[in-house]
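Here's the structure, in C-alpha cells; my notes come after.
Only the coordinates and a few stated rules stand behind these numbers; no lab work does. All values reported here derive from a predicted model rather than from experimental measurement.
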Amino acid sequence: MPQSSSPVLHILSGGAAQGLVTQLQDRFRSQYHFDIAGTFGAVGLMKDGLLAGQPCDVVILSQALISGLAESGHVQADSARALGAVKTGVAVKTGEPPVDVDSPAALKAALQAARGIYFPDPVKATAGIHFMRVLRELGLEAELAARLRPHPNGAAAMKAMAECGEPGLLGCTQVTEILFTPGVELVATLPKAFELATVYTAAMCTGARNARAAGELIALLASPDTAAARLACGFEP
C-alpha cells in the first residue's frame, strides 16, 4: 500500500507478479515519485475487477487474458510488454525434507502421502485450474478430495500452508508465489508431462488516470536492467 503523499498508480495483477512489483516499488517511487497501490490475486478475479470498473492504470495478467482485453478495448494493445514465463511448482514447508516429484508416478505418490494439499482457486486462478486438471489425469480427484485446501490465490495458499502447524503438507502453485512466501520452499516444478509455463504480460488500461507513469512502470518491469530481478522472482526469459 502507498506509504507517502505521492500520487498513486493502481495495479490489478495476477499473484505471480507480486514479488516482482514489491521488489521494484521503492525504485519506482524514487525515480518517478508515484506510489503503487497493488491488488494481487487470481487472474480471473483481477480481470473481473477491471471489467467491473475497479481503478486500474496497469494490469498484469496472463498473455492470453491481456490479448483478450486488448481486443475488447480495455487495455492498450501497443503498451503490452511480456515479463517472462512462470512455471507451476511444488512446495513443502521450510525445514521439511523435499519430496520426489520428477515423474508423474513420483508426483502421484507424493500427493497421496501428503496430509494436506494447498493450492489456489480452482476456477479463477491459472495454477489452480491446472492443478485440478493434473489431479484428474492422475486419477486422484476423488481420492484426495478431503485433503484439498484451496485458497483465493497462490500467495494466500502458501501463507496458510506456512502457518499451519501440521507436518507433511504439500503446495502447488506458480513458482513466483512460492519464492515470495516465507516459510515454504520450492521443491521442483511439475514433471514435464504436466508442465505449465504461463507468460505474464503488463499493459496499460485504456482508462488509466496516470498514463505516463503507467508506461514508465511497464517499462521498468520489462527492462533489461531488471532482468536479474525477474529471474530471481521466478520469471524465465
How many angstrom lie between the C-alpha centres of segment 115-165 and segment 194-237?
26
So what's the back-of-envelope 222 nm ellipticity for the chain, counting only DSSP H runs of four-plus at -39500 (n - 2.57) apiece and dividing by all residues, rounded to 500?
-11500 deg cm²/dmol
From the backbone phi of segment 77-85, what are the Karplus-calculated ³J(HN,Hα) couplings (6.51 cos²θ - 1.76 cosθ + 1.60, θ = phi - 60°) in whole Hz, Gly and Pro given as x?
4, 6, 8, 5, 9, 6, 9, x, 9
From the C-alpha gyration tensor of segment 86-194, pull out the three semi-axes of the equivalent ellipsoid (sqrt of 5λ each), sorted largest to smallest, in whole Å.
17, 15, 14
Across all Cα atoms of the chain, Rg and the largest Cα-Cα distance (Dmax), in Å, are 18.0, 54
Under 18 Å between C-alpha atoms is the cut-off here; go through the chain and count lysine pairs that meet it, provided they're at least eight residues apart or on different chains.
5
